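Colleague: There's a structure below that I have some questions on.
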Amino acid sequence: MLEIRQVTRRFGQNTAVRDVELEIEQGQMVGVIGRSGAGKSTLLRMINRLIDPSEGSITFHGKEVSALRGAELRRWQRDCAMIFQQFNLVPRLDVLTNVLLGRLNHRSTVLNLMNMFTREERIRAIAALERLDIAQTALQRAGTLSGGQQQRVAIARALMQEPKVILADEPIASLDPLNAKVVMDSLADINAREGITVITNLHTLDTARAYCNRIVGMAKGAVVFDGPPEALTSEAVRTIYGGEEGAELSEAITSTSINVPAPQPARKSTGQAQPALAAV
Ligand SMILES: Nc1ncnc2c1ncn2[C@@H]1O[C@H](COP(=O)(O)OP(=O)(O)OP(=O)(O)O)[C@@H](O)[C@H]1O
Ligand SMILES: [Mg+2]
């Protein structure tokens, strides 16, 4: 069980997340919705410890996440895999190596320095790619794949971490409707079959309704709705997104079908240092 108690995060004068109180049982599929700037990403990033709360506590099975250091922190970041809107693959490495990178926190530093993956790890990586139906791309450079394929690679990499929780920050916001469906179906399948808790920020209501058994609505940093999709009445939707009584909500908020895909990430070299991994 993941427990978020009275969590607040401030950036200077701005309170991004305000007194958030959530208990998330293992195996739930939770959709977090809300306007841009509502605090959705900040909340996910605090769970994963990419940033720390200003106040409050986050515990997983009773253990204080914000107190973890060193090896324990790495173990936690392995237990909760993160999936991003822009995939965050290493574009110049092949797909298989990108998936194998999900194992890094499972291994000793020595093995990592030697760039060695075991045969078993490689078999598992291929199996993960097969599950996402993209095994045929294994030897292609990740940067040459379409957005939908790249997000499936990112999910395969997350699976290699053998996580207990998957945190997905707008995983389908850069994808066309067909790829969005493939990615959400994969997350739902992983949730149902492995019992991995999935917490995902979503821009559109219909996706949250279709895939999540619990919806958390945020507005101005606070949780203003928490319940099953059936409880998400139009009044609740107005509380989350704002707007006048009786006013029509923008289709862009409620439906993916007309989403204009965001520009794909640049595929050119970023100039960043790449992990020195030998061919697998
Ligand atoms: N690193 C940061 N430094 C300063 N302010 C930040 C930082 N990260 C987030 N904020 C602010 O915190 C608030 C919440 O941002 P956050 O990214 O969590 O919103 P969001 O709900 O994920 O929005 P979106 O739907 O646009 O992704 C915003 O006002 C944002 O400007
Ligand atoms: Mg965000």
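Values in this text are rule-based calculations from the coordinates and carry no lab data. Bear in mind the structure is a predicted one, so any value in this text is a computation, not a measurement. Positions of Cβ are backbone-derived with ideal geometry, glycine not excepted, and every protein chain shown enters the neighbour counts.
Colleague: In nm, give the distance between the simple-model label positions of GLN13 and ILE126, each being 7 Å from the Cα along the Cα-to-Cβ direction.
Modeller: Once both label points are built, they end up 5.9 nm from each other.
Colleague: Could you sort 87-93, 38-44 so that the peptide with the highest average Cβ count within 10 Å comes first and the rest follow in order?
Modeller: 38-44, 87-93
Colleague: Near ALA231, within a Cβ-to-Cβ distance under 13 Å, what is the net charge of the other residues, with Lys and Arg +1 and Asp and Glu -1?
Modeller: Taking every Cβ under 13 Å from that of ALA231, the sum is -1.
Colleague: Of all DSSP beta bridges located in segment 78-219, what percent are antiparallel, nearest 5?
Modeller: 10 percent
Colleague: Looking at the square roots a ≥ b ≥ c of the eigenvalues of the Cα gyration tensor of segment 2-254, which shape do they give, rounded for a/c under 1.5, prolate if a/b is larger than b/c, or oblate?
Modeller: In terms of gyration-tensor shape, oblate.
Colleague: Quick check on packing: order 94-104, 69-79 by the mean number of other C-beta atoms within 10 Å, highest mean leading.
Modeller: Details: 94-104: 23.8, 69-79: 13.5.
Top to bottom by mean Cβ count within 10 Å: 94-104, 69-79.
Colleague: Does segment 107-234 come out rounded, prolate or oblate by the C-alpha gyration tensor, with a ≥ b ≥ c the root eigenvalues, rounded set by a/c under 1.5 and, if not, prolate when a/b is larger than b/c and oblate if not?
Modeller: Judged from the Cα gyration tensor, segment 107-234 comes out prolate (a/c at least 1.5, a/b above b/c).
Colleague: Exposure proxy check: LEU129, LEU50 ranked by fewest other beta carbons within 10 Å?
Modeller: LEU50, LEU129
Colleague: So, one more: Using the Kirkwood radius built from alpha carbon pairs, what does the Stokes-Einstein equation give as D for segment 43-181 at 4 °C and 1.567 mPa s, in µm² per second?
Modeller: 82 µm²/s
Colleague: In whole Hz and in residue order, list the ³J(HN,Hα) couplings for segment 146-160 that follow from phi through the Karplus curve 6.51 cos²θ - 1.76 cosθ + 1.60, θ = phi - 60°; x for Gly and Pro.
Modeller: 5, x, x, 5, 4, 5, 5, 4, 4, 5, 4, 4, 4, 4, 5
Colleague: Sort HIS203, HIS106, HIS61 by Cβ crowding within 10 Å, fewest neighbours at the top.
Modeller: Arranged by neighbour count, lowest to highest, HIS203, HIS106, HIS61 become HIS61, HIS106, HIS203.
Colleague: Restricting to segment 2-254, what percent of DSSP beta bridges are antiparallel, rounded to 5?
Modeller: Numbers: 20 of 39 bridges.
Taking every DSSP beta bridge with both residues in segment 2-254, the antiparallel ones total about 50 percent.
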